[in-house]
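Pasting a structure here, questions to come.
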Amino acid sequence: MIKKIGIVGFGQMGSGIGQVAAAAGYEVIAVEVTDSAYNTGLKYITKSLDKAIEKGKADKDSKEKVLGKISGSTDLHVLKDVDLVCEAVIENMVVKKELFANIDKICKEETIFASNTSSLSIGDMAAVTGRQDKFLGLHFFNPVPIMKLCEVVKTLDTSEQTFDTAFAFAESVGKACVKAKDSPGFIVNVLLVPYLLDAIRMYERGLATKEDIDNGMMLGCGHPMGPLTLTDFIGLDTILYIGDIMFEEFKDDHYASPPLLRRMVNAGYLGKKAGKGFYDYTKK
């Protein structure tokens, strides 16, 4: 039974996972590289909870209960007794493998390992540990407290017990779960990324303005956000990175990143987080 959660990487994704886990009553231990990085994660959670209070979806007591369930450290050894580790560090296979190899020596034998990767092979990460049967993907979506979906990713070696336990955990923190195989992009990104790349190609070729592309998909298909706005929100660098991984895997032109996207990323136009992407956010 899962009671104590370890989260490694307490940025926007990790802190979001920590927030929903704490709200569901789990004890959360977060690990970051510095105290400052951990405190930044706490600020994300505090801001999210304050917004919920403003909207009448939470109160001060529930906020204090959530924050009271969370503790932090810069030492991986605090994870020795956790029941589940959720990894949410940088999307880099070398970094993730090194992390899992280290915590495999620290955590108890029964601890389940989960990666929040959106594109990398879960099985490749599991291979550096001695617990391939207790390893899977839990791909939450940003912002975690708001987005309802979690892709639960089963590798060739993930045991049914591990999968069922992790699936139940994700449901217990308020997520609707779907089962995905360990293939790049899982379900959502396999469908989403080509759509976003096609929208960029359309804009790059001058077939329509960015506003008309976004409005066309919002008003014509009922999407809450146009593809270029969504790319800005996710991050152009993130879309480029995922597209490159999927193209390398599938060798399918649908996943080939348009030259415009690569040029924008190289120029620092990363989207909303950088103040400028397809749209300018510095004046808003």
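Between K57 and E171, what FRET efficiency follows from the Cβ-Cβ distance if R0 is 22 Å, with the result rounded to 0.05?
Details: r = 20 Å, r/R0 = 0.90.
So, using R0 = 22 Å, E works out to roughly 0.65.
Further, regarding this structure: In whole angstrom, note down how far apart the Cα centers of region 27-53 and region 246-263 are.
Cα centroid of region 27-53 versus Cα centroid of region 246-263: 34 Å apart.
Sticking with this structure for a sec: With θ taken as phi - 60° and the coefficients 6.51, -1.76 and 1.60, list the Karplus ³J(HN,Hα) couplings across region 191-205 in order, rounded to whole Hz; mark glycine and proline as x.
8, 6, 4, x, 4, 5, 5, 5, 5, 5, 4, 4, 5, 4, 7
Read phi for every residue in region 257-264 and hand back ³J(HN,Hα) as whole Hz from Karplus 6.51 cos²θ - 1.76 cosθ + 1.60, θ = phi - 60°, with x for Gly and Pro.
Residue by residue, region 257-264 yields 6, x, x, 4, 4, 5, 5, 5 Hz.
Between 0 and 90 degrees, rounded to the nearest ten: what's the tilt of helix 12-23 against the longest Cα principal axis of the chain?
Tilt relative to the chain: about 50 degrees.
Okay, helix-only estimate at 222 nm for the chain: each DSSP H run of n ≥ 4 adds -39500 (n - 2.57), divide by all residues, round to 500 deg cm²/dmol; what do you get?
Working: 11 runs with 133 residues, N = 284.
For the chain, the value works out to -14500 deg cm²/dmol.
In angstroms, what radius of gyration and Dmax does region 189-273 have, counting Cα atoms only?
Cα only, region 189-273: 12.2, 34 Å (Rg, Dmax).
Over the Cα atoms of region 92-230, each weighted equally, I'd like the Debye log10 I(q)/I(0) at q = 0.15 Å⁻¹, rounded to two decimals.
-0.79
Each reported figure results from applying straightforward, stated rules to the coordinates on display, with no laboratory input. Keep in mind that what you see is a predicted model, and the values were worked out from it rather than measured. Glycine also receives a Cβ, built like all others from the backbone with ideal geometry; neighbour counts cover every protein chain displayed.
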